[in-house]
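The values are calculated or read from the model by the stated rules, or taken from the named source; none is laboratory data. Everything quoted here is computed from the prediction, not taken from an experiment. In this analysis, Cβ positions are derived from the backbone assuming ideal geometry, glycine residues included, and neighbour counts consider all displayed protein chains. Quick note on the areas: whole protein, heavy atoms, side chains included, nothing else; ligands and nucleic acids left out. Shrake-Rupley method; radii C 1.70, N 1.55, O 1.52, S 1.80 Å.
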Amino acid sequence: MRKLFLLVAFAFIGTIVSAQEVNWNWGVKARVNFNSFGGNELWKEYGNKTGFNVGAFAEIELKKSIFLESGLYLSTKGTKLKEEGIEDKFNLMYLQLPVLGVYKYELKNDFKLFGKFGPYFGLGLSAKNKGGMDWGWDDEDDYSLLSDDDDYDSDDETIKGFGEDKTGLKRGDFGLLLGIGVQKGKYSLGLNYELGLLNISSFKEAKTKNRTFSISIGYTFK
């Protein structure tokens with residue numbers, strides 16, 4: 001995953017450098033993330049965890065109204081459980097690279113509607129599990145959270161790092177991003193949804209996939 005992430009990043013940068021006569025723009029974006037986990041019945045007991053996504057992007061005009069967009073972003077993800085005095089949180093930080101096709105429809109008064117779709121690649125920078133929950137296997141060989149009171153550590157332990165012997169999560173992530181929004185001159189406002197496709201759990205049976213809904217604002221310099 002790390003090699004693939006770097007390959008995609010260098011390929012897009014090389015495209016921009018070589019496209020001297022191609023119309024391209026760059027700018028910055030910030031998002032408010034509403035994160036959760038999916039893929040396993042266990043995560044239905046968990047709620048959204050608010051985070052952020054900030055970074056820079058570039059877009060190349062392939063033909064009229066059609067663009068290729070990519071960039072590098074710092075993005076926080078995770079989920080949390082707080083029920084009957086039990087608290088469990090997953091705090092994740094990724095370096096994220098999307099590769100998106102964008103269509104822009106021109107309106108009056110310099111307004112544009114846009115839609116975007118494509119894959120994203122994520123490289124985990126940090127992972128924390130705070131709450132001291134105990135994990136294990138139930139009678140049906142399904143990876144789940146042990147619910148007995150004796151299994152909860154009231155000391156609120158924090159576990160850090162990727163891997164089976166730490167948070168139990170993998171460093172790499174991959175999924176699809178769908179976005180819609182409106183652009184006025186150099187400013188943009190959008191709604192985005194990221195559907196994680198990769199099981200980020202170190203345990204094959206414990207399907208864990210990132211889910212993120214976000215609201216974004218952007219500014220284009222060129």
Worksheet item: Can you list the residues, at least 5 places off or on another chain, whose amide H is less than 5 Å from the amide H of THR208, using H built in the peptide plane?
Response: ILE200, SER201
Practice prompt. Considering Cα pairs under 8 angstrom that are at least six residues apart, work out the relative contact order of the range 29-105 and quote it in whole percent.
Written response: 29
Fill in: HN-Hα J in Hz across the range 61-75 - Karplus 6.51, -1.76, 1.60, θ = phi - 60°, x for Gly and Pro
7, 7, 7, 3, 6, 10, 10, 10, 10, 8, x, 10, 9, 8, 9
Worksheet item: Rounded to two decimals, what ratio of Rg to Rh does the range 74-130 give with C-alpha atoms and a Kirkwood Rh?
Response: 1.26
Practice prompt. Would you mind getting me the FRET efficiency between LYS184 and LEU125? Use the beta-carbon distance for r and R0 = 30 Å, nearest 0.05.
Written response: 0.35
Practice prompt. With r as the distance between the Cβ atoms of LEU74 and LYS44 and R0 = 30 Å, compute the FRET efficiency 1/(1 + (r/R0)^6) and round to 0.05.
Written response: 0.60
Practice prompt. Using Cα pairs closer than 8 Å and at least 6 residues apart in sequence, work out the relative contact order for the range 150-222, in percent.
Written response: 26
Item to complete: Name all residues of the range 71-87 having a backbone nitrogen under 19 Å from the label point set 7 Å from the Cα of ALA56 along its Cα→Cβ direction, giving them as ranges.
Response: 71-75
Worksheet item: If ligands, DNA and RNA are left out, what is the accessible area of LEU195 with a 1.4 Å probe, given in Å² to the nearest 10?
Response: 60
Discussion item. Could you sort ASP173, ASP110, ASP165 by their accessible area in this structure, using a 1.4 Å probe and putting the largest first?
Written reply: ASP165, ASP110, ASP173
Worksheet, complete the sentence: With R₀ set to 22 angstrom, the calculated FRET efficiency between the beta-carbons of LYS166 and VAL28, to the nearest 0.05, is 0.10
Item to complete: Please calculate how many Å² of accessible area the range 67-126 carries per residue, with a 1.4 Å probe and no DNA, RNA or ligand atoms counted.
Response: 46
